[in-house]
Structure formats: structure tokens, C-alpha cells
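Colleague: First the structure, then my questions, so here it is.
The values are calculated or read from the model by the stated rules, or taken from the named source; none is laboratory data. These numbers were taken from a predicted model, which means no experiment stands behind them. Cβ placement follows ideal geometry from the backbone for every residue including glycine, while neighbour counts extend to all protein chains displayed. SASA here: full protein model, heavy atoms, side chains in, ligands and nucleic acids out. Shrake-Rupley method; radii C 1.70, N 1.55, O 1.52, S 1.80 Å.
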Amino acid sequence: GQIERAFDFAENSGDFRLQLFLTLMFRQGLRQKEVVDLRVEHFNEHAGTLAILGKGRDDRELIHLHPETVRVFRYYLDESGISSGFVFPSRKDRSRHLTTAALYRLIRELHRKCRIANSPHGWRKVFTSKLIEAGMNLLDVQAYTRHAGLSQLQVYFDRLQIQKTLP
């Protein structure tokens, strides 16, 4: 489907950065702001963890990475030659990170090329929905997605329940 088309496009294009964007948003459910704020120093390949600065938080939160995320992350760092600082530096000023607006435009362009109707935030929605569809309880989904409350997750759950019962 759409997810496979996007990943195939990124892989076939040889765009390591795009591959890592997709992996972080789909396999880890990261927000766009969390992606652009990432620093190389917060990636622990051996432990398979990443310290992220979450939405509205002042401190970093340790998340466990999917093995494929670790592989793609390492590959990106090796191919890009980035060894410290921002994982996605600005091309104009390497001491600054890529902006969320620039990431949004990159993902929108990918969607256009792959004929995907979703917004860039849709990757996080797919991640959340996949966790719920797998039968994970909402408290665990909350931990994986780092949602502050359960109300938004209940909306996802209710929507999936309705879809299951439609004739």
C-alpha cells in the first residue's frame, strides 16, 4: 500500500535522509518536531535507544528503537558523515537543525510523488493505529506514543472499532 510505496521510493532514490525520516515517523511514531531536534549524541546504537525532547517537555525522554530503526539510523550516519550535532542539520547553517516546515515540505513532496493523500502527521497516526490494532492496551499505546492523555488515543480506538463493525 501507501507505506510500502513511500519506503520503496525512499530506498530507490538513495536518499538516506528520507529513509530515516520515514523510519522515525512510521516505526517510532515520532512527531516532526522530535525528528528535527534529534542530536547524534542522543542515539545509543548498542542499547538501541534514543533520547528525544518530547512535545512541551524540557527534559529528554529515552525511547527504545525498533531494530530496523537502529539499522537505518546507523546507515544514515555512516553515509552522511555526520558524527555529532544535529542528526538533520540545516543545509544553510550546519549549527542549526532542519526546520519542521522544511521537513513538512519534504514529506509532502514524497506524498505527491507516491500518490499518498495523508498529511505528514499521518505517519504518526498510522503508527498509533497499528499499536491499537495489534491489541495493545491504551496505557501501553500512551507510553509508546508519548501522548499526554488518553483522550486522543480513545478517538483512535473508537474510530478503529467503528471501522471493524461497518458492513
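Colleague: By its C-alpha gyration tensor, with a ≥ b ≥ c as the square roots of the eigenvalues, how is the stretch 100-167 shaped: rounded for a/c under 1.5, else prolate for a/b larger than b/c, else oblate?
Modeller: Oblate.
Colleague: Something else: Specify the residue with the greatest mean-square fluctuation among Thr100, Thr69, Thr23, computed from a Gaussian network of the chain linking alpha-carbon atoms under 10 Å apart.
Modeller: The residue with the greatest mean-square fluctuation here is Thr100.
Colleague: Right, something else. Give the distance, in whole Å, between the Cα centre of the stretch 90-109 and the Cα centre of the stretch 3-43.
Modeller: The two parts, judged by their Cα centres, are 13 Å apart.
Colleague: Taking the chain as a Gaussian network, where each spring joins two C-alpha atoms under 10 Å apart, which residue of His97, His46, His64 fluctuates the most?
Modeller: His46
Colleague: Now a separate question. Hey, with R₀ at 41 Å, roughly what FRET efficiency would Arg94 and Ala143 work out to, going by the Cβ-Cβ distance, to 0.05?
Modeller: Plugging the Cβ-Cβ distance into 1/(1 + (r/R0)^6) gives 0.75.
Colleague: Same structure again: Please list, in order along the stretch 95-102, the HN-Hα scalar couplings obtained from phi with the Karplus expression 6.51 cos²θ - 1.76 cosθ + 1.60 (θ = phi - 60°), rounded to whole Hz, x for Gly and Pro.
Modeller: 7, 10, 9, 3, 7, 5, 5, 5
Colleague: Here's another thing I want to ask about it. Cα gyration tensor of the stretch 1-100, axes a ≥ b ≥ c as square roots of the eigenvalues: rounded (a/c below 1.5), prolate (a/b > b/c) or oblate?
Modeller: Rounded is the answer for the stretch 1-100, as its axis ratio a/c remains below 1.5.
Colleague: Magnitude of the Cβ-charge dipole of the chain, K/R +1 and D/E -1, about the Cα centre, nearest 20 debye?
Modeller: 640 debye
Colleague: Once the Cβ-Cβ distance between Gln152 and Glu109 is put in as r, and R0 is 22 Å, what FRET efficiency do you end up with, to the nearest 0.05?
Modeller: Given R0 = 22 Å and the Cβ-Cβ separation, E is 0.20.
Colleague: How large, in percent, is the carbon and sulfur part of the accessible surface of the chain at a probe radius of 1.4 Å?
Modeller: 50 percent
Colleague: Also, quick follow-up: Which whole-number percent gives the relative contact order of the stretch 91-167, counting Cα pairs below 8 Å spaced six or more residues apart?
Modeller: RCO, the stretch 91-167: 18 percent.
Colleague: Additional query: Among Leu20, Leu62, His46, whose Cα projects farthest towards the positive end of the dipole of the stretch 1-77, with charges put on the beta-carbon of Lys, Arg (+1) and Asp, Glu (-1)?
Modeller: Leu62
Colleague: Note the listed values [x] 30, 22, 13; [y] 47, 19, 11; [z] 27, 20, 14, then indicate which one is semi-axes √(5λ) of the Cα gyration tensor in Å calculated from this particular structure.
Modeller: This structure yields the entry labelled [z].
Colleague: While we're on this one: Go through the stretch 1-66 and name the trypsin sites (Lys or Arg not before Pro) that are in a DSSP coil and have 12 or fewer other Cβ atoms within 10 Å of their Cβ.
Modeller: Lys55, Arg57
Colleague: What number of lysine-lysine pairs in the chain show an alpha-carbon separation below 22 angstrom, given a sequence spacing of 8 or more or placement on distinct chains?
Modeller: Taking the chain as the scope, the lysine pair count is 9.
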